[in-house]
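Report on one structure; see the data block that follows.
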Amino acid sequence: MSGLRVIVGCKRVIDYAVKIRVKPDKTGVITDGVKHSMNPFDEIAVEEAVRMKEKKLASEVIAVSCGPIQCQETLRTAMAMGADKSIHVEVDAATYENLQPLHVAKILSKVAQEEKADIVFTGKQAIDDDCNQTGQMVAALLDWPQATFASKIEKANGELTVTREIDGGLETIKVQVPAVLTADLRLNEPRYATLPNIMKAKKKPMAKKKPADYGVDVGPRQSILKVEDPPVRQAGSKLDSVETLVTKLRDAGLVPS
Amino acid sequence: KSTLVIAEHNNEKLTPVTLNTITAATKLGGEVSCLVLGSQCAKVAEEVSKVKGISKVLLADSEAFKGFLPETVTPFLLATQKQLNFTHIVASASAVGKNVMPRLAAKLDVSPISDIIGVQDDSTFVRTIYAGNAIQTLKSDEPVKVITVRGTAFEPAEVGGSAPTENAPGEAANSDLSSFVGQELSKSDRPELASAKAVVAGGRGLKSGENFKLLYDLADKLDAAVGASRAAVDAGFVPNDMQVGQTGKIVAPELYIAVGISGAIQHLAGMKDSKVIVAINKDPEAPIFQVADYGLVDDLFKAVPSMTELVGKK
């Protein structure tokens, strides 16, 4: 099973450490002048794909990102981590506002077919829309098996044994290749791109495409009516002792009395 | 208008979050049917038939559904949908629901709606984005709405109905694409984290896994589940299924006691809908105090044992 060709979906999102601010007109969140980086779960997927290549399980790792021109920075990061080449599917900023996981899944599945991929790898969810859909939908569109929320991946006799994070514990499944994998938090710890690798990544090939090149219609399927701040929780009081605390909780009927 | 709820269960018992999901489904305004799909799961179908608000139970019982693999479940759901033409298909935003529903949606060529916290009308839904740091209201234009529901955002449906059960249309078939090997669930006598009425959670301040015993002792007095912050999980104190937060469990109990947790944004996203929040931390500047109803600036190694003792004294 050597020589797997791996496609990795890399979404550009607002950096996880940035405090989110809602636009005053409630149409979305403020993205201008805000630090962006690769979706952390996608970074884990890139790392795992690169490790598969280092273990000679994979022959080529191709990073793909759909979105505005700045996604090219995200792809350079993926290539600095070890991806061999990348494909930027450009979607203008206005269309991107309504680009949904289903659109991205359609593009990724076409890319997978065109590149004769054996594995499509994505993060389990993006930390901006928190949808948790893309990988599963790529699997559906290609009729491939899916191993989502992966925390461990091993190969055995032409199939993959995957440990998945589920509610209340772990689960093990086997999937045939070709397959779609989605990365959970504990699959690995992504490496930092070193300066020499960042320089090298600048010379790696990046193809530039449009959704129409793959025959994918990116017309909106839903509309965002508004985006608002969550209700603010008021800080309560600081108490002076454990006794006061237990009395208050008991009065509220929250501890047995 | 008609809605299908996909029940979540372990073939023996209905998972409580299904009751919350049924409540969300009844807000959509159509008749609600509930599909119980599994292996030897007739007992679950009986349990579901007694839930208020359900008009029909559909049963799909086959060994092929072992492990609820999306490769076998999805074709069956498609066959059922083809026959019965539901306008809404709803499941809990659990590990199973999140795995299967997008696959089903893509097969139906519709854009799914994940993890909703509110229903405004049959096509307008409220959900959180950026780990709960913003709230989005969206209108879906899809002919079939495929939805997952955040259980903690809806009250559980009551028991007290009697719906008829029939076999679901569709034929179960094995798939050679994937196979189920096994599960390793953490065993505990305590209530389940996601549905517990009270939760005691520990953070890096606990300093070690052994020290979590302090929390277990308190939890047992309160009939509470025990959770942890990501920092405590990453430090290896406790297993990751105890993690409360953006990338772990979202909880909303009546009482949440945060012990030695500073209150990172990703932790707050997982617990800030709790009814009453108590924070015990020796750092008076810890952000957790900004959301706590009752704060106690104290050494947890003294405060927690004395709290356990006081709670025990009736």
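The values are calculated or read from the model by the stated rules, or taken from the named source; none is laboratory data. Predicted model, so just to flag it, every value in this text is computed and none were measured. No Cβ is skipped: glycine too gets one built from the backbone with ideal geometry, and neighbour counts run over all protein chains shown.
Here are a few things to note about the model shown:
- Unmet criterion (only one of (1) part of a helix (DSSP H, G or I); (2) crowded, with 23+ Cβ neighbours inside 10 Å; (3) away from chain A (no Cβ under 14 Å)) for B:Leu37: (1)
- Only listed residue being out of contact with any helix residue (DSSP H, G or I) (no Cβ under 6 Å at 6 or more places or on another chain) and either crowded, with 20+ Cβ neighbours inside 10 Å or free of Cβ contacts under 8 Å to residues at least 12 places away in the same chain (or both), chosen from A:Cys66, A:Cys71: A:Cys71
- Criterion (of a type outside the set (Lys, Arg) and facing chain A (nearest Cβ under 9 Å)) met by exactly one of B:Asn133, B:Asn174: B:Asn133
- Residues that are facing another protein chain (nearest Cβ under 8 Å) and either surrounded by fewer than 20 Cβ atoms within 10 Å (Cβ to Cβ) or not in a loop (DSSP other than H, G, I, E, B) (or both) do occur in the stretch B:114-123, at least one of them.
- Of the residues making up the stretch B:18-34, none is touching a Pro at 6+ places or on another chain (Cβ under 8 Å) and not in a helix (DSSP H, G or I).
- Qualifying positions in the stretch A:228-240 - surrounded by 15 or more Cβ atoms within 10 Å (Cβ to Cβ) and either under 22 Å from the mean Cα position of the chain (by Cα) or in a loop (DSSP other than H, G, I, E, B) (or both): A:Pro230, A:Arg233, A:Ala235, A:Gly236
- Against the test of being out of contact with any Lys or Arg (no Cβ under 7 Å at 6 or more places or on another chain), surrounded by fewer than 24 Cβ atoms within 10 Å (Cβ to Cβ) and either at pLDDT 95 or above or under 27 Å from A:Thr31 (Cβ atoms) (or both), the options A:Asp118, A:Asp129 yield a single qualifying residue, A:Asp129.
- Flag if A:Ala139 is within 12 Å of chain B (Cβ to nearest Cβ), within 16 Å of A:Gly9 (Cβ to Cβ) and small (Gly, Ala, Ser): yes
- Take the conditions (1) out of contact with any helix residue (DSSP H, G or I) (no Cβ under 7 Å at 6 or more places or on another chain); (2) facing chain B (nearest Cβ under 8 Å); (3) not in a loop (DSSP other than H, G, I, E, B); (4) not small (Gly, Ala, Ser); A:Thr148 misses just one of them, which is (1).
- Residues that are of a type in the set (Gly, Ala, Ser), part of a helix (DSSP H, G or I) and surrounded by fewer than 23 Cβ atoms within 10 Å (Cβ to Cβ), drawn from the stretch B:40-87: B:Ala42, B:Ser49, B:Ala64, B:Gly67, B:Ala79
- When the residues of the stretch A:169-214 are filtered to those that are in a loop (DSSP other than H, G, I, E, B) and within 14 Å of chain B (Cβ to nearest Cβ), the one that is farthest from A:Leu75 (Cα to Cα) is A:Val177.
- Flag: B:Ala231 matches the condition of being more than 10 Å from chain A (Cβ to nearest Cβ), modelled with pLDDT under 95 and touching a His at 6+ places or on another chain (Cβ under 9 Å).
- Answer from B:Asp241, B:Asp217, B:Asp273 - the residue that is part of a helix (DSSP H, G or I), among the acidic types (Asp, Glu) and facing chain A (nearest Cβ under 10 Å): B:Asp241
- When the stretch B:280-306 is limited to residues that are of a type in the set (D, E, K, R) and not in a helix (DSSP H, G or I), the one that is surrounded by the fewest Cβ atoms within 10 Å (Cβ to Cβ) turns out to be B:Glu285.
- Selected residue (only one of B:Lys107, B:Lys66, B:Lys82 is over 19 Å from A:Asp129 (Cα atoms) and touching a strand residue (DSSP E or B) at 6+ places or on another chain (Cβ under 9 Å)): B:Lys66
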